[in-house]
Each structure stands twice: as C-alpha cells, then as structure tokens.
1. Filter the stretch 78-130 down to residues that are assigned to a loop (DSSP other than H, G, I, E, B) and within 16 Å of the ligand (Cβ to nearest atom), then give me how many there are.
2. Mind listing whichever residues of the stretch 214-227 are away from the ligand (no atom under 16 Å from the Cβ) and either touching a strand residue (DSSP E or B) at 6+ places or on another chain (Cβ under 8 Å) or at positive phi (or both)?
3. Given the criteria under 22 Å from residue 170 (Cα atoms), within 23 Å of the chain's Cα centre (by Cα) and free of Cβ contacts under 8 Å to residues at least 24 places away in the same chain, does residue 98 qualify?
4. Would you mind stating whether residue 144 is surrounded by fewer than 23 Cβ atoms within 10 Å (Cβ to Cβ) and within 10 Å of the ligand (Cβ to nearest atom)?
5. Looking only at residues that are touching a strand residue (DSSP E or B) at 6+ places or on another chain (Cβ under 8 Å) and under 14 Å from residue 50 (Cα atoms) in the stretch 172-184, which one is farthest from the ligand (Cβ to nearest atom)?
6. Residue 233 versus (1) more than 16 Å from the ligand (Cβ to nearest atom); (2) in contact with a strand residue (DSSP E or B) (Cβ under 7 Å, 6 or more places away or on another chain): which is the lone unmet condition?
7. Residue under question is residue 246, and the condition is that it be more than 16 Å from the ligand (Cβ to nearest atom), touching a helix residue (DSSP H, G or I) at 6+ places or on another chain (Cβ under 9 Å) and under 23 Å from residue 40 (Cβ atoms); does it hold?
8. If you take the residues of the stretch 161-202 that are assigned to a strand (DSSP E or B) and touching a residue at least 40 places away in the same chain (Cβ under 8 Å), which of them is farthest from residue 259 (Cα to Cα)?
Ligand SMILES: *Cc1c(COP(=O)(O)O)cnc(C)c1O
C-alpha cells in the first residue's frame with residue numbers, strides 16, 4: 001500500500017485528471033495497427049507538425065521509443081554513441097544490445113552534462129573490419145533535469161553529419177527543456193533526425209510517448225514496433241490523453257519549474273544539504289550517506305516520497321504536487337534538522 005501523500009519521486013506518478021479522463025472516454029477509436037484510429041492519427045500528425053518533421057509514431061513508452069529509434073538508425077553489429085549516464089544506455093535494460101544487436105559506445109559526461117566534442121569524434125570508428133560501424137549519436141535533453149544549450153546540440157549534430165551519422169534526441173522531457181531554453185519544440189528538434197517525447201511525465205498522460213522524424217525512419221520504426229509487440233489496437237483512448245496533455249498541460253510546466261526553485265531554495269537553507277539549483281523540475285540534493293538514509297526514512301514516515309540512493313536525493317515536481325506539498329516537504333525537513341540538532 002502506498003502511504004505517500006506528497007510524492008516527489010518522479011513526474012511519472014501523475015494521475016489523469018477528470019478532464020483528461022473525460023477526453024479519453026470521448027475519444028473516437030479504430031484499429032491503429034490497420035492505421036484506422038483517428039485519434040492516434042491526429043496525435044501523430046499534430047506531433048510531426050509541431051516538431052517540424054514528416055512523421056510520428058505513438059508508442060507505449062519512452063524506452064520503446066528510444067529503442068525503435070536506435071533500431072531504425074542502426075542495424076545488427078552497428079554502434080551508437082551516447083552518454084555514460086544517458087537513459088538509452090544506462091536505464092533501458094540494455095535493450096539496444098539485447099533486442100537490436102546494437103553496440104553502445106558510451107562517452108563520459110563533463111560536469112555540465114555535455115560530452116566533449118573531441119571525445120565523441122574520437123569514438124567514431126573508421127571503416128575497418130575490426131570495428132563496429134558507428135551509425136548514430138543519441139543526445140538527451142533535459143539531461144537529469146538540466147537543459148543542455150542549443151549550440152551544444154547543434155555542434156554535436158554538425159559533427160555527426162560530417163561523419164554521416166544519424167542523430168537522435170531523447171526528449172523525454174523535451175517541453176521542460178524548451179521552457180528552460182526559451183525555444184520552441186521545433187527549434188529543439190531541428191538538429192535531429194528523430195526525437196522521442198514522453199507524454200506520461202510532466203505532461204500528465206497515463207501512458208505513451210511519440211517518436212517523431214523523417215518518413216522513412218518512422219516507417220522502419222513502425223515495423224520494429226510491431227516486432228516488439230508495441231502495436232496497439234484502439235489506442236485512441238490513450239492518444240486522447242496525450243492530445244489533452246499537449247493542449248492543457250504544457251503551459252503548466254512553468255509552475256513545476258517555479259515550485260522546484262522554491263523547493264531548492266528551501267532545502268539549501270540547511271547547511272548539511274548541497275543543493276543544485278534546478279533548470280527545470282528536478283532538484284538534486286547531495287549529503288553525507290548516513291544522513292541521506294536517516295532523512296529519507298524520516299520523510300517517508302511523514303508521507304513524503306523522494307527518490308534517493310545513498311547520499312543523493314532527487315526531488316521532482318509535477319502536476320500532482322502543489323504549493324502545499326512543497327510547504328509540507330520543507331516543513332518536514334525543517335523538523336528533521338531541528339529534532340536531530
Ligand atoms: C523516463 C525516461 C525515458 C523512458 O520513458 P519510459 O516511458 O519510462 O520508458 C527515456 N529517457 C529519459 C531521459 C527518461 O527520463
């Protein structure tokens with residue numbers, strides 16, 4: 001039983017609002033594997049147009065969306081370059097290697113979350129039968145809640161183009177990145193061949209991501225989606241939630257970012273906590289490991305959910321946390337420190 005009343009673990013914990021549920025209930029549907037679902041088609045058309053690409057594909061998860069992108073850019077024995085901490089390398093159960101026979105080439109991150117261009121270039125293999133063929137570079141934005149600058153993404157894309165590589169953006173939180181960078185999602189997507197966007201994080205839909213890109217890549221991805229068991233039938237019910245989220249919830253991300261700053265400033269008042277000021281909706285808090293365990297337990301006992309491993313906590317704001325939740329969390333942290341001296 002979940003006893004969390006103020007849930008800062010992730011922006012995936014949002015539950016669909018009454019209005020979103022009503023939009024889902026009203027959705028016109030058909031069999032999407034036959035291409036017959038008008039609501040899925042509307043969502044895909046809308047996303048493609050918004051990102052300035054030819055086509056889009058509605059998929060069950062961000063993990064599947066990234067995998068489909070990598071499998072569309074790369075074939076068996078090919079290689080993709082991604083950050084050591086990139087979701088598509090680190091947090092997707094090795095899917096590209098297991099299911100796509102694609103070798104990852106991870107690159108270390110600099111302290112600002114980017115990868116050095118020279119490191120990326122140095123990892124691109126020459127045409128030699130000893131090597132896997134390097135076929136694609138995957139970037140992620142936001143990356144751990146940090147908004148990576150447009151000129152960096154453009155520079156990586158230019159480098160990739162010079163070497164004939166495909167460019168993928170894991171934009172699970174693309175709209176958060178746009179808000180922090182002050183760019184449109186079309187601008188954000190421009191350097192890339194494929195972009196994956198999650199509807200089920202800050203946007204508040206219960207399920208779904210969209211992979212957007214050129215028509216050929218998306219046709220290949222559609223075939224892989226079927227192969228992986230991701231072809232859904234009357235999925236318009238889910239696409240309707242996504243359309244509702246795009247219409248109503250993108251504008252609310254600003255509130256999440258504001259609340260994350262309030263949270264960060266409140267937490268930073270405690271000397272034992274090293275708080276990284278957030279660009280978007282994710283606040284990282286570092287502390288001594290035993291303190292982390294004690295603080296995490298004290299918060300859990302008061303119904304406050306935070307993710308954390310050892311001395312590192314992650315607090316995420318989203319549609320289902322309001323000002324009162326932030327205030328309750330800060331008060332609980334305050335009590336913890338005043339009681340533990
Ligand atoms: C959450 C996330 C994903 C995967 O999304 P799921 O829908 O949970 O599979 C991919 N990339 C990033 C950066 C994410 O944060």
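The values are calculated or read from the model by the stated rules, or taken from the named source; none is laboratory data. Nothing here was measured: the structure is a model prediction, and the numbers come from that model. All Cβ positions, glycine included, derive from the backbone under ideal geometry; neighbour counts span all protein chains shown.
1. 11
2. Result: 214, 215, 217, 218, 219, 222.
3. Details: under 22 Å from residue 170 (Cα atoms): yes; within 23 Å of the chain's Cα centre (by Cα): yes; free of Cβ contacts under 8 Å to residues at least 24 places away in the same chain: yes.
The answer is yes for residue 98.
4. yes
5. It comes out as 175.
6. (2)
7. Answer is yes for this residue.
8. Taking the candidates together, the pick is 166.
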